[in-house]
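Worksheet: the structure to be examined is printed underneath.
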Amino acid sequence: EICACLVGSEMCIRDSYILDVIMPRINGVELGMELRRRGDRGEIIFLTTTPEYAVMSYEAKAFFYLLKPVDKNKLVAVLNQAIGNVQERNKKGVAVKTRDGVKFLPFDEIMYAELRERAVAYNFVGGGRITGQYLRVPFREAVSKLLEDSRFTLCGASFCINLSYVKALENNRIVFKNNSELALSKKAVGSIKTKWLDFWLEENK
């Protein structure tokens with residue numbers, strides 16, 4: 001899904017965004033940075049009449065920066081590349097058996113998984129949760145598919161966290177980029193601090 005315009009304070013996760021740099025109330029680069037702070041990993045394409053914001057746009061991890069007037073063929077080519085990136089990302093995920101059948105959950109959408117009433121519950125960055133069937137194996141084995149991806153790590157005995165969505169680690173809680181929080185023991189939070197720092201150092205090389 002491509003979102004060409006966002007109005008008001010309510011934001012939801014999209015695959016791609018086309019943002020004009022010059023907009024009323026907030027410029028496109030500031031909006032892009034806010035999307036990133038909230039944990040949105042959608043591809044961002046900026047449109048502008050001047051290149052002066054190009055450097056700032058990198059802080060929002062923009063996919064592309066197009067000068068106006070935009071050539072139609074160039075725009076189509078950039079959109080096709082963005083869609084290809086999204087499709088490739090969405091191939092990475094886990095199939096979960098639920099009471100309603102098997103559901104495929106892209107890794108990009110999973111903020112953390114937790115053990116709840118002898119089942120794994122997958123919590124999403126955009127809100128909501130899907131719970132799998134009753135577990136017949138240990139939690140670690142049940143989330144082994146997540147742990148194959150470098151974004152995920154165990155936190156304590158009952159949580160598997162997506163490090164790309166963590167904004168802060170405090171004494172007894174994790175704060176995610178969408179400002180939701182997860183209360184944990186101090187020991188559990190401390191156990192992932194090094195992994196979180198190493199993850200971001202690797203991501204920002």
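Among the candidates Phe199, Phe124, the residue that is touching a residue at least 24 places away in the same chain (Cβ under 8 Å) and either closer than 22 Å to Asp15 by Cβ or of a type in the set (A, V, I, L, M, F, W, C) (or both) is uniquely Phe199. Every condition in (1) over 17 Å from Ile110 (Cβ atoms); (2) surrounded by fewer than 17 Cβ atoms within 10 Å (Cβ to Cβ) holds for Arg140 except the one numbered (1). Looking only at residues of region 181-199 that are in a loop (DSSP other than H, G, I, E, B) and within 12 Å of Tyr112 (Cβ to Cβ), we find that the one that is farthest from the chain's Cα centre (by Cα) is Leu184. Take Arg99 and decide whether it is at pLDDT 90 or above and among the basic types (Lys, Arg). Taking the combined requirement at face value, the residue does not satisfy it. Can you find a residue that is of a type in the set (D, E, K, R) and open to solvent by 40 Å² or more (accessible area, probe 1.4 Å) anywhere in region 124-137? Scanning region 124-137 turns up at least one residue that is of a type in the set (D, E, K, R) and open to solvent by 40 Å² or more (accessible area, probe 1.4 Å). Remark: pairs (first residue in region 170-186, within 17 Å of Leu197 (Cβ to Cβ) and aromatic (Phe, Trp, Tyr); second residue in a strand (DSSP E or B) and open to solvent by 70 Å² or more (accessible area, probe 1.4 Å); Cβ separation under 7 Å; 6+ apart in sequence or on different chains) = Phe176/Lys167. Going through (1) open to solvent by less than 60 Å² (accessible area, probe 1.4 Å); (2) over 13 Å from the mean Cα position of the chain (by Cα); (3) closer than 23 Å to Lys92 by Cα one by one, Asn178 falls short only on (2).
The values are calculated or read from the model by the stated rules, or taken from the named source; none is laboratory data. Just so it is clear, the model here is predicted, and its values are computed rather than measured. When we count neighbours, we look across all protein chains shown, and the Cβ atoms used for this are built from the backbone with ideal geometry, even at glycine. Ligands, DNA and RNA are stripped out before the accessible areas are found, and what is left, the full protein with its side chains, is counted by its heavy atoms. Shrake-Rupley method; radii C 1.70, N 1.55, O 1.52, S 1.80 Å.
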